[in-house]
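The structure appears right after this line, and notes come after that.
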């Protein structure tokens, strides 16, 4: 059976070309049906041009509005009732799609997902989780990377539960190691938030390994690393910048020093492998954990490969039933007062 995935076809910087190509790649290699969301006429013409006579499970849902990257999320969500993001997320809410993928405005996507889908019971604030490359080969899940700038200790506790469940169901790790991002390994190190969160994570029925430092994001020491959205976003953007810097310096060095043809070929292969391991396009985007549905948010500069991988991640996430498992996990835990009552109430809009 095909799994239905809704795709914001007008989200990326160069939309809709990358989305069309990515959808075609996904339908050729995955058991998915892709629902393209956007202006029907424009999408139909471009899709027909790329497909020619090929019959693939791709359908189009009309959305008359799109949310630009520079638009303020709150205003766009209120005023654009027929945006591609909202139409796509409504398909998920109505059970017509198992997941939603966008490379559009991150703030608008998060705000719309929280309002249209609502939060899972027991989750005060959804979190953005993204895989990060590690020296051990397996990615490390970092969360939150930008959904919540200010957090309380109970929020980090919930992030740990959701991240651990993600690592078990999607990354297929039997006992993922969970760390708390801080400025030192000792329990007493860190700021007020990390010191308050430490005992809460320690009490959870997970493999909590204590505090980890920034360098451990890439060392493979932890499979899940928990932090507030401010710290996580800075870590993510710094990592992307360092990755580009190392890539450019390495390319320059190889070009300048390698002269032998065989040596150049081997170095090129090694460089290409190195570049793939650092390439955000290979990971498909960040997952918004804690909402009632699968929501993947990719980079605005996503190309067709990144869109394909976003659809792949949404497919794997939906197939694994991660959301249902997270909900079961919170349902089985003792009830406690919400960390942030004003944001924990379910808010669903049409």
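A few remarks follow.
- Only residues that are farther than 18 Å from residue 87 by Cα and not in a helix (DSSP H, G or I) were counted in the stretch 26-70, giving 10.
- Across the stretch 287-300, a minimum of one residue is classified as modelled with pLDDT of 80 or more and either part of a helix (DSSP H, G or I) or out of contact with any strand residue (DSSP E or B) (no Cβ under 8 Å at 6 or more places or on another chain) (or both).
- Screening residue 13 on (1) surrounded by 15 or more Cβ atoms within 10 Å (Cβ to Cβ); (2) in contact (Cβ under 8 Å) with a residue 60 or more places away in the chain; (3) within 14 Å of residue 304 (Cα to Cα) shows it passes everything except condition (1).
- Scope the stretch 90-109; condition under 18 Å from residue 300 (Cβ atoms) and not in a loop (DSSP other than H, G, I, E, B); matching residues: 100, 101, 102, 106, 107, 108, 109
- Single residue of the stretch 74-89 satisfying the filter (out of contact with any helix residue (DSSP H, G or I) (no Cβ under 6 Å at 6 or more places or on another chain) and crowded, with 21+ Cβ neighbours inside 10 Å) that is nearest to residue 310 (Cα to Cα): 88
- Selection count where residues are in a loop (DSSP other than H, G, I, E, B) and crowded, with 24+ Cβ neighbours inside 10 Å, scope the stretch 110-121: 1
- Looking only at the stretch 328-350, and only at residues there that are within 30 Å of residue 82 (Cβ to Cβ) and in a helix (DSSP H, G or I), the one that is modelled with the lowest pLDDT: 344
- Of all residues in the stretch 153-192, those being under 26 Å from residue 327 (Cβ atoms) and surrounded by 15 or more Cβ atoms within 10 Å (Cβ to Cβ) number 26.
The values are calculated or read from the model by the stated rules, or taken from the named source; none is laboratory data. Only a predicted model underlies this, so the values are computations on that prediction, with no experimental measurement involved. Note that we place each Cβ from the backbone using ideal geometry, even for glycine, and neighbour counts take in every protein chain shown.
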